[in-house]
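These notes concern the structure reproduced below.
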Amino acid sequence: MDKRGMSATFVAYVIGGLLPIYKLFADEVPAWTVVSIRIISAFIFVTLLLRLTGKFKHVKQLWQSKRQRNTVLGAGLVLGGNWTLYLYAIGEGYIVESSLGYYINPLVSVLFGLLFFGERLNRAQLLAMASAITGVLILTFGYGKFPIIAFSLAISFAFYGVLKKKAAAEPLSGLFLETLVTLPFAMLTLGVTGANPIALPTEALFAIVMLGVATAVQLMLFGYGMPKIPFVYVGILQYIAPTLTLILGVFLFNDIFTPIHFIAFLFIWLAVAVFTISGISSGRMKMKKVS
């Protein structure tokens, strides 16, 4: 077990779970403006880090590999869409549904592992999938509509993970290209909407800029830590972020959390528990075989 890798991954998910705090300082700023400033500030921060660390050579190497370059650029577009939807959901008060999306995400990742990497589901994982589907159905019938935001967040971030795994790029240079490909959309959005970041209240602008910086730090920590620890622990740590987001939504932003939500989340949490226990058992069996 790499302690630095574990610590980096843990901190990455804590940062991810606390990102909605920006809403306290920039609640009136439109989601399109927020996501544009987030992309621009993340790009500038990553560029400065590349300059300071002298790692621009890795960007050149990544660009010269057509397969890696196209995969990373595709991942950047998917990530940009995920960011936009996430900030729209947070801005419109769908914080609990956003957390539901990131609870579902690991289960979607399991399904994508089956589809894209030829992985197989054991009985426990099938039970977890069934429990998660039950929770979503309860939530759907409970308030009369399909949780489209939750599922869109889960699917887009899982697909982003697929592309990142296929690209296998150096974390910082990969993140540079991911933010670079979305930069024109951010600039265009600011131009079309007529938004002027400089005209925003100082605390709102600072909060959004720090949101971009925090996002970049989160993704870099995740890119550093994930390869250094067993994947089963990544799966366990992954639930830190949506749990913190759920707590913020209910207790800080007074988001709606009805008995129907509670019952539905129980099934989701059961799926999480079964999935986690299955992963730990599988990891122990593999370690026994190796020893």
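List, please: which pairs have Cβ atoms under 6 Å, are six or more places apart or on different chains, and start with a residue in region 147-158 that is within 13 Å of residue 95 (Cβ to Cβ) and open to solvent by 10 Å² or more (accessible area, probe 1.4 Å) and end with one that is of a type outside the set (A, V, I, L, M) and at pLDDT below 90?
So the pair list comes out as 149/94; 149/97.
Quick check on my filter: what residues within region 5-32 are part of a loop (DSSP other than H, G, I, E, B) and either under 18 Å from residue 221 (Cβ atoms) or of a type in the set (A, V, I, L, M, F, W, C) (or both)?
Matches in region 5-32: 25, 26, 29.
Of all residues in region 57-83 being in contact (Cβ under 8 Å) with a residue 60 or more places away in the chain and farther than 23 Å from residue 158 by Cα, which is surrounded by the most Cβ atoms within 10 Å (Cβ to Cβ)?
Here the answer is 59.
Among all residue pairs at least 6 apart or on different chains, which show Cβ distances below 8 Å where the first residue, located in region 10-32, is open to solvent by 80 Å² or more (accessible area, probe 1.4 Å) and the second is in a loop (DSSP other than H, G, I, E, B) and among the β-branched types (Val, Ile, Thr)?
Close Cβ pairs (under 8 Å, with a partner that is in a loop (DSSP other than H, G, I, E, B) and among the β-branched types (Val, Ile, Thr)) do not exist here.
Please list, ordered by first then second residue, the pairs with beta carbon atoms under 7 Å, 6 or more apart or interchain, first in region 91-104 and in a helix (DSSP H, G or I), second acidic (Asp, Glu) and surrounded by fewer than 23 Cβ atoms within 10 Å (Cβ to Cβ).
The qualifying pairs are 95/255; 96/255.
Quick test of your reading of the structure: residue 95 fulfils all but one of (1) surrounded by 16 or more Cβ atoms within 10 Å (Cβ to Cβ); (2) at pLDDT 90 or above; (3) under 18 Å from the mean Cα position of the chain (by Cα). Name the failing condition by number.
That leaves (2) as the condition not met.
Identify, please: which residue in region 121-141 is part of a helix (DSSP H, G or I), open to solvent by 40 Å² or more (accessible area, probe 1.4 Å) and of a type outside the set (A, V, I, L, M) and is, among those, modelled with the lowest pLDDT?
141
Modelled with pLDDT of 85 or more and open to solvent by less than 80 Å² (accessible area, probe 1.4 Å) - does that describe any residue in region 267-289?
Yes - at least one qualifying residue is present in region 267-289.
Taking into account only those residues within region 159-189 that are small (Gly, Ala, Ser), over 22 Å from residue 48 (Cα atoms) and in a helix (DSSP H, G or I), which is least open to solvent (accessible area, probe 1.4 Å)?
So, considering only residues that are small (Gly, Ala, Ser), over 22 Å from residue 48 (Cα atoms) and in a helix (DSSP H, G or I), the one least open to solvent (accessible area, probe 1.4 Å) is 167.
Which of the numbered conditions does residue 118 fail, given that it passes all the others? Conditions: (1) of a type outside the set (A, V, I, L, M); (2) on the phi > 0 side of the Ramachandran plot; (3) open to solvent by less than 40 Å² (accessible area, probe 1.4 Å).
Result: residue 118 fails condition (3) only.
Of the conditions (1) β-branched (Val, Ile, Thr); (2) open to solvent by less than 50 Å² (accessible area, probe 1.4 Å); (3) over 14 Å from residue 36 (Cβ atoms), residue 263 clears all except one; give me its number.
Looking at each condition in turn, residue 263 falls short on (2).
The values are calculated or read from the model by the stated rules, or taken from the named source; none is laboratory data. None of the values given here were measured: they were computed from a predicted structure. Positions of Cβ are backbone-derived with ideal geometry, glycine not excepted, and every protein chain shown enters the neighbour counts. Please note that ligands, DNA and RNA were not included when accessible areas were found on the heavy atoms of the full protein model with its side chains. Shrake-Rupley method; radii C 1.70, N 1.55, O 1.52, S 1.80 Å.
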